[in-house]
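Peer 1: Sharing a structure, written as structure tokens. Questions coming.
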Amino acid sequence: MTIKDELARDLEQQPEAEIWREDEQFGADDDPIRKRQPQRDDDWLVEAGLDTEDVHLEGVEGAEEEPSWVIRNHYTEEELGTIKSGKEADVVLVRRASGPRSCLLAVKRYRPRAQRAFRREEDYRAGQGTGDERVDRALGKRTRFGRQVLEYAWAYREFPLMRTAWRTGARVPYPVEALSEGLAMQYIGNEEAAAPRLAEIRLSGEEAQRAFESVILDIRKLLDAYLVHGDLSAYNVLYWDGRPWLIDFPQAVDIARSQRGIEFLRRDIHNVCKHFARWGVDADEGALFDDVMRDSPFAWLG
């Protein structure tokens, strides 16, 4: 039984008076995140080039097959140490082995909600529901059950969002599996050291230009799947083997459904341009935002 099933079972036991609503994206690893259509009539959507029949996060072209290095059956795991201890979660390095095969995973474990320093979840939930009407109603009343949902939802939503991001072809760690407290994903680095964040290194002018163009390309790919990272900065981009990797997706939003999606996209582009300007990358963030939006499926949102 998944966490969502357990919460749904508890919901059945709640009096109707205790049901409440609070917007939150909530999905299980075996539940595709179905998308609602933007509030536009069909003619407008057709003119914008959108499919008015079945729009969903996973309906994007890109990487589909699971990487061959992933081990799923008959394995043992060994924790090798902490990669990062943050205000919201801890990330530990794990070796998963099955016979002669092994792989390194980064396992992200969120702290209990009361212990997390991040307090802006409502900014990212605005305008988004769970896709389960009963759970959405329960969240709206702010009852004990609603608080229980929130305890899990922030951690539980990152896996399906990262899976969608990976399927767009954006360079993100491959999400291996959802865990009750977070997720297991591809480890970026080697046994000697984890990949550093952009904020921790210096790049030459040529390296910086290539990395900048790569990050902007990934922003475009995410947008093709309706996703905006929402908290993109030099602290949420790893750099390894000459390539940037986007990480930390629990706050990612659906640009068509989030009340602040456009604002978050503009802020992501601002943060990226500001950081790379330190390395001599010259970019007009306003013009770049306009160009990114113009090439997106949702140009009319801007």
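The values are calculated or read from the model by the stated rules, or taken from the named source; none is laboratory data. In this text the structure is predicted, and so the values were computed from the model without any measurement. Glycine gets a Cβ as well: all are built from the backbone with ideal geometry, and neighbour counts include every protein chain shown. The area values use the complete protein model at the heavy-atom level, side chains included, leaving out ligands, DNA and RNA. Shrake-Rupley method; radii C 1.70, N 1.55, O 1.52, S 1.80 Å.
Peer 1: Given Cβ point charges of +1 (Lys, Arg) and -1 (Asp, Glu) and nothing else, what value in debye, to the nearest 20, does the dipole of segment 163-250 about its Cα centre take? Before the final figure, lay out the partial values.
Peer 2: Numbers: 9 positive and 13 negative charges, 66 e Å.
Taking the Cα centre of segment 163-250 as origin, the dipole is about 320 debye.
Peer 1: Now a separate question. Considering only protein heavy atoms and a 1.4 Å probe, what is the carbon-and-sulfur percentage of the accessible area of segment 161-264?
Peer 2: That share works out to 43 percent.
Peer 1: Quick check: residue separation of E79 and R202 times 0.36 nm, minus the Cα distance between them. What number comes out in nm?
Peer 2: 41.2 nm
Peer 1: Using a ≥ b ≥ c from the Cα gyration tensor of segment 172-302 (square roots of the eigenvalues), is it rounded, prolate or oblate, where a/c under 1.5 gives rounded and otherwise the larger of a/b and b/c decides, a/b for prolate?
Peer 2: In terms of gyration-tensor shape, oblate.
Peer 1: By how many nm would the segment from D290 to R95 lengthen if fully extended, with 0.36 nm per residue of separation less the alpha-carbon distance?
Peer 2: Result for the pair: 65.8 nm of gain on full extension.
Peer 1: Here's a follow-up. Once a ≥ b ≥ c are taken as the square roots of the eigenvalues of the Cα gyration tensor of segment 233-297, is the result rounded (a/c under 1.5), prolate (a/b larger than b/c) or oblate (a/b not larger than b/c)?
Peer 2: Oblate, since a/c reaches 1.5 and b/c is not below a/b.
Peer 1: If amide hydrogens are placed 1.01 Å from N in the peptide plane, which non-local residues have theirs closer than 5 Å to the one on V176?
Peer 2: Result for V176 returns A184, M185, Q186.
Peer 1: Moving on to the next point. In debye, nearest 20: dipole of segment 217-302 around its Cα centre with unit charges on the Cβ of K, R (+) and D, E (-)?
Peer 2: Dipole about the Cα centre, nearest 20: 140 debye.
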